[in-house]
Amino acid sequence: MTLATRRRLATASVAAIAVAGAVAAPAAASAHLPSGHHAAPSHGHHHPTKPSAPSVKTASLLTGQYQSSYSARNHLLWVTSAVGRPPVTNSKLTAVDPRTLTVKKTITPPVTDESTGALEAVYGVAVDDEHNNVWVTNTRNNSVAVYNQKTGAHLATLPDVGHSREVAVDERHDLAWATGNGDGSVVAFSTRTLKEVKRFTLDGSSPAGIAVDERTGNAYATDLAGNRIIEVNAASDAIRLIPTGEGPISIALSKDGRTAYTADQGGGSVTAVDVVRGVTGKSLATGEGALSVAVDPKSGEVVVANRTAATLTVADKALRKVVATVPTNANPNHVEFGGGNGWVLDKSGAGANGEDTLYRVSLR
């Protein structure tokens, strides 16, 4: 987020969004997981307080949830969902109130085939608060799309990103980066003109997760097939490859941008990589099917959603130890941080009507 955006957000009042036909989510239920570590009582001596277990609030939300992205500008959590295989006729881009975990706004993607009712289904998601838009990947349509956060208008569909998986926004450089898992591409689009501005293609690679460092303009994509990170920059034609763990599928950066953390699906682990020196650091076992990773911007702790193990792992930023393990419903799919909380989506179908679950996790 740019300095101008931060200043604007600091003074702006956010209006509540009310949309006719918005679907209300079921009432949220709170769950506070018991802590395995308690500080000893004080008897005249100071004892350092050990961290308590994360506090978790849950709600049955949507069916077919994939990813989420938090908007500080609008104080909304944008969630993508899509159900089934092509033709996909049930897909939504949904704005959720981060406090109540209820639906505030629902956008239905445009129809791509009138004969079947197929939609331009949404999967990956990233918010662009600078321009008040939200970017999505249309994985099955090999494209990305842009919607306006305020009006819900579909602004553009940008083609030729093979099996587009994830998107990340660099507000400082007015870029949105997308990964083409099916064609080995990492593509940059202008968030001002909504047009492609740079494309990198690496034969034999399978780009999956992506993160951007707004200070340097570097974009980092995981190569699921090559056990490495692909580093690119829109100001250069160079591609830098950095080794990481087994089957990296998701990536997050430390606050200072010097360390990348990859969720290693094949290894059931998280790996730290010094992206400045290009050196692979420690790996820490998290759980089978590690699928998504995020960094708490306050503490620097690393959080991994383990899909097969049905757990959320919290590790210290040096990856020396697991700080907490939080059980989830089946198939946790994505983890995101924003507004002082973590957000986890699963694909459990555990709701009363088969809905998946949204978790709000407070690490403090």
Under 11 Å, Cβ to Cβ, from D316 - net charge with Lys/Arg +1 and Asp/Glu -1: +2
Size of charge dipole - region 214-364 - debye, nearest 20, with Cβ of Lys, Arg +1 and Asp, Glu -1, no other charges: 460
Whole-angstrom gap from region 246-316 to region 125-162, using each part's C-alpha centre: 26
Gained length - S55 relative to D203, 0.36 nm times residue gap less alpha-carbon distance: 48.9 nm
Rounded to the nearest 20 debye, dipole of region 77-163 from Cβ charges on Lys, Arg, Asp, Glu: 340
Coil-residue trypsin sites (Lys or Arg not before Pro) of region 236-311, DSSP, other Cβ within 10 Å capped at 12: R277, K298
Computed magnitude of the charge dipole of the chain (debye, nearest 20; Cβ of K, R +1, Cβ of D, E -1): 1060
16 Å reach of a label modelled at S299, 7 Å along Cα-to-Cβ, counting backbone N of region 311-343: 312-327, 336-343
Kirkwood-type radius of the chain, with distances r between different C-alpha atoms, in Å: 20.6
Relative exposure of T259, T89, T106, T244, judged by other C-beta atoms within 10 Å (fewest first): T89, T106, T259, T244
Those GluC sites (Glu not before Pro) in region 88-161 that DSSP places in a loop and that have at most 10 other beta carbons within 10 Å: E114
Two-decimal ratio, region 196-345, of alpha-carbon radius of gyration to 2.2 N^0.38 Å: 0.98
Relative contact order (%) - criterion: Cα under 8 Å, at least six apart; region: the chain: 12
Added length on full extension, which subtracts the Cα-Cα distance from 0.36 nm per residue, K321 to K255: 21.8 nm
Cβ-defined net charge surrounding W343, 14 Å radius [Lys, Arg +1; Asp, Glu -1]: -2
Length gained when the stretch R364-A225 is fully extended (0.36 nm per residue, less Cα-Cα span): 46.4 nm
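FYI, it's all coordinate maths here, none of it is from the lab. Keep in mind it's a predicted model, so treat the numbers as computed, not measured. Cβ: placed from backbone, ideal geometry, glycine included. Neighbour counts: every protein chain shown.
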